[in-house]
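Some notes on the structure that comes next.
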Amino acid sequence: MKYIIKFNGYLNRFLAFFSGIAVLIFTGIAAGNMLLRIVYVPINGSYELIGFFGAVATGLALGYTQIRKDHIIVTIFSDRYPKKVTPFLDGLNYVVNTFFFTLVAWQTFKWGLKIEKTGELSETLKIIFHPFVYCLALGFAALALTLFIDLLRLFYKEKKV
């Protein structure tokens, strides 16, 4: 169990690194666009590129954020449940979300294959954008793996890595 937890940690830190690079890229594009708008002309297709890199940054960081439990958790109702019910509800949550995000990853990947096969290009810049879709599918798959590991942790009371 500890090996799969370590693998998941390394995988999601690796993806989070590239998520950070995507943030730096779209921040640079946005800043450059604002500066060039004042000095000369704005960067053509900057909104499109910022959207692509924003999607990549968000998608690749999902698993790492789940490992750290940094997502917003609304506990207004669950705080009032008995402590014995909480593990059951957590397990149900992990099962449903693992299934959901596995399905989302698969459908996103299939969408990327369709875009690649048809040769669809982006609207403004006319560039291929299926690699961005594949990155998003990878992020959803990493989130599904992390949720599945969280489910396994309910049964194996091991320390977090």
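Out of the residues in the stretch 105-136 meeting the condition of being in contact (Cβ under 8 Å) with a residue 40 or more places away in the chain and in a helix (DSSP H, G or I), tell me which one is nearest to T58 (Cα to Cα).
Among residues in the stretch 105-136 that are in contact (Cβ under 8 Å) with a residue 40 or more places away in the chain and in a helix (DSSP H, G or I), the one nearest to T58 (Cα to Cα) is L136.
Per-residue answers, yes or no, for (1) more than 12 Å from the chain's Cα centre (by Cα); (2) surrounded by 15 or more Cβ atoms within 10 Å (Cβ to Cβ); (3) farther than 20 Å from L143 by Cβ; (4) not aliphatic (A, V, I, L, M):
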position	(1), (2), (3), (4)
F7	yes, no, no, yes
L11	yes, yes, no, no
A16	no, yes, no, no
L24	yes, no, yes, no
N33	yes, yes, yes, yes
I38	yes, no, yes, no
L49	yes, yes, yes, no
A57	no, yes, no, no
T65	no, yes, no, yes
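Is it fair to say I29 is over 18 Å from the mean Cα position of the chain (by Cα), at pLDDT 95 or above, not acidic (D, E) and not in a loop (DSSP other than H, G, I, E, B)?
The answer is yes for I29.
Name every residue in the stretch 43-78 that is among the polar types (S, T, N, Q), in contact (Cβ under 8 Å) with a residue 24 or more places away in the chain and over 21 Å from A144 (Cβ atoms), in order of residue number.
Hit for the stretch 43-78 is N44, nothing else.
Check V96, V56, V23 and return the single one that is among the β-branched types (V, I, T), farther than 19 Å from F132 by Cα and out of contact with any His (no Cβ under 7 Å at 6 or more places or on another chain).
V96
Determine, yes or no, whether L121 is surrounded by fewer than 17 Cβ atoms within 10 Å (Cβ to Cβ) and in contact with a Pro (Cβ under 9 Å, 6 or more places away or on another chain).
No, not satisfied.
Write out, first by first residue and then by second, each pair whose Cβ atoms fall under 8 Å of each other, whose residues are 6+ apart or on separate chains, and whose first residue, in the stretch 12-36, is more than 26 Å from T146 (Cβ to Cβ) and of a type outside the set (D, E) while the second is in a helix (DSSP H, G or I) and at pLDDT 95 or above.
What qualifies is I29/L49; I29/I50; I29/F53; A30/I50.
Is there a residue in the stretch 76-91 that is surrounded by 13 or more Cβ atoms within 10 Å (Cβ to Cβ), closer than 15 Å to L138 by Cα and either within 16 Å of the chain's Cα centre (by Cα) or among the charged types (D, E, K, R) (or both)?
No, the stretch 76-91 contains no residue that is surrounded by 13 or more Cβ atoms within 10 Å (Cβ to Cβ), closer than 15 Å to L138 by Cα and either within 16 Å of the chain's Cα centre (by Cα) or among the charged types (D, E, K, R) (or both).
Working only within the stretch 37-72, note down all residues that are within 20 Å of I127 (Cβ to Cβ) and part of a loop (DSSP other than H, G, I, E, B).
V41, P42, I43, N44, G45 - these are the residues of the stretch 37-72 that are within 20 Å of I127 (Cβ to Cβ) and part of a loop (DSSP other than H, G, I, E, B).
When only residues in the stretch 137-161 that are in a loop (DSSP other than H, G, I, E, B) and not basic (K, R) count, which is modelled with the highest pLDDT?
Ranking the qualifying residues of the stretch 137-161, first place goes to Y156.
The values are calculated or read from the model by the stated rules, or taken from the named source; none is laboratory data. Fair warning: this is a prediction, and the values are worked out from it, not measured in the lab. Neighbour counts are summed over all protein chains in view; Cβ atoms, including those assigned to glycine, are modelled from backbone coordinates with ideal geometry.
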